[in-house]
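Have a look at the structure below before the remarks.
Just so it is clear, none of the values below were taken in a lab; they were calculated from the coordinates. What you are looking at is a predicted structure, and each value in this text was computed from that prediction instead of being measured. When we count neighbours, we look across all protein chains shown, and the Cβ atoms used for this are built from the backbone with ideal geometry, even at glycine.
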Amino acid sequence: MTARIIDGKLIAAELRARVADEVARVQRGDGITPGITPGLAVVLVGSDPASQVYVRSKHKQTQAAGMASFEHVLPDDVAQGELLALIARLNRDTAVHGILVQLPLPKTLNTETVINAIDPAKDVDGLHPNNAGRLAGGLAALSPCTPLGCIILTKSVHASLEGMNAIVIGRSNLVGRPLVQLLLNENATVTIAHSRSRELKQLCARADLVYAAVGKPEMVRGDWIKPGATVIDVGINRLPDTDGKTRLVGDVAFAEVSQVAGAITPVPGGVGQMTVACLLVNTLRAACAIHGLPKPAV
Ligand code: NDP
């Protein structure tokens, strides 16, 4: 068997186009309520090259969707008070509906304090405890973007996830835990695995849906996978290549697993593409919620 490749690039482009349509609709207003322009503020502290690439891509895609994009770059040695003051200003700024602080932050800053300072209504990364708690309680919440992207990719293969056996490998606040909650909302039966889990291979072998969010290159092997399963690879690992450059590999041994799985995401070109597209979705949803508009159709 050779798995169907889930084209994250294409699915993300379709999603961005749908967001752009909805942005145009809310900008027009409905004749009674005046139009609004959703706005996203991204805060980058320091000069980490990978973070700079992500922030640039967020800026470009936000503008391409017709939204306002605000970039704030602070030096590596910024005082925490200064960063918190900027967040407070963005919380009050009526042109800003989404605030994203690019992680990781320099070690001198307390990530938890910084995230807690963001207005939960503008927390488009879905990391504020209010949103994490609401998601865990099955309530409406802004959810982290990468897990949202994983669900959309899975639903490009399966219209309904109800009753399916899913395994999520990894339990971070950014990916694994919120993904588990989103899968529960879809009525999947979920196993969550982590570094202390025993018999991971056997646990995977029962799963119809396998999500790998570990950060270990090609850890999930072909003989772990139930034939026909859908495999979503969240991992982004940079390995040295023969020509001195780096190459990206996922947490899944793609060549082996694609011989057994029914559908699989590639790395790159899979989940990574969806993360920024879902950030746009969250910004649009936040803007509509803040202005009391109906939930957008994305
Ligand atoms: P973290 O390091 O925060 O979490 C990794 C998780 O994997 C932990 O829960 C850890 O368990 C678990 N783990 C580690 N080793 C093993 C093992 N041998 N067996 C089973 N579980 C293990 O990483 P993130 O969740 O932030 O990211 C995971 C991967 O996803 C990374 O490669 C990252 O680059 C990528 N990523 C990709 C994104 C995208 O847009 N595509 C966005 C975000 C992340 P424990 O809790 O016990 O320590």
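Debye-formula intensities of region 144-298, expressed as log10 I(q)/I(0) at q = 0.14, 0.17, 0.18 Å⁻¹, are -0.68, -0.95, -1.05 (one equal scatterer per alpha-carbon, no solvent).
Counting only cysteine Cβ atoms and a cutoff under 4.7 Å, the chain contains unmatched residues 150, 204, 288. Considering only 106, 8, 74, and ranking their Cα positions along the charge dipole of region 1-116 that arises from unit charges at the beta-carbon of Lys, Arg, Asp and Glu, the one farthest toward the positive end is 8.
Partner aspartates and glutamates whose Cα lies under 16 Å from the Cα of residue 226, excluding those fewer than 8 positions away in the same chain, are identified as 199, 208, 256.
For region 207-280, the spherically averaged projection of the C-alpha convex hull amounts to 5.4 nm². When each of the peptides 223-231, 281-289 is scored by how many other beta carbons lie within 10 Å of its residues on average, the order from highest to lowest is 281-289, 223-231.
Only beta bridges with both residues in the chain are counted; by DSSP, about 10 percent of them are antiparallel. Taking the inverse of the average 1/r across all pairs of different Cα atoms in the chain, what Kirkwood radius in Å do you get? With all distinct Cα pairs of the chain included, I get 19.9 Å. Listed by chain and number, the lysines placed with their C-alpha closer than 16 angstrom to that of residue 216 are 201; residues fewer than eight positions away on the same chain are left out. Taking the Cα atoms of region 5-151, the ratio Rg/Rh between the radius of gyration and the Kirkwood radius comes to 0.97.
Assuming 0.692 mPa s and 37 °C, estimate D for region 107-205 with Stokes-Einstein, Rh taken as the Kirkwood radius over Cα pairs, in µm²/s.
Translational D for this selection: 226 µm²/s.
The share of Cα pairs per 10 Å bin across region 175-242, counted from zero up to the longest distance, runs 18, 51, 25, 5, 0 percent. Stretching the chain fully between residue 53 and residue 223 yields a gain of 57.6 nm (0.36 nm per residue, less the alpha carbon separation). With θ taken as phi - 60° and the Karplus curve 6.51 cos²θ - 1.76 cosθ + 1.60 applied, the whole-hertz 3J(HN,Hα) list for region 181-195 is 5, 5, 5, 4, 4, 8, 6, 7, 9, 10, 10, 10, 10, 7, 5 Hz, x standing for glycine and proline.
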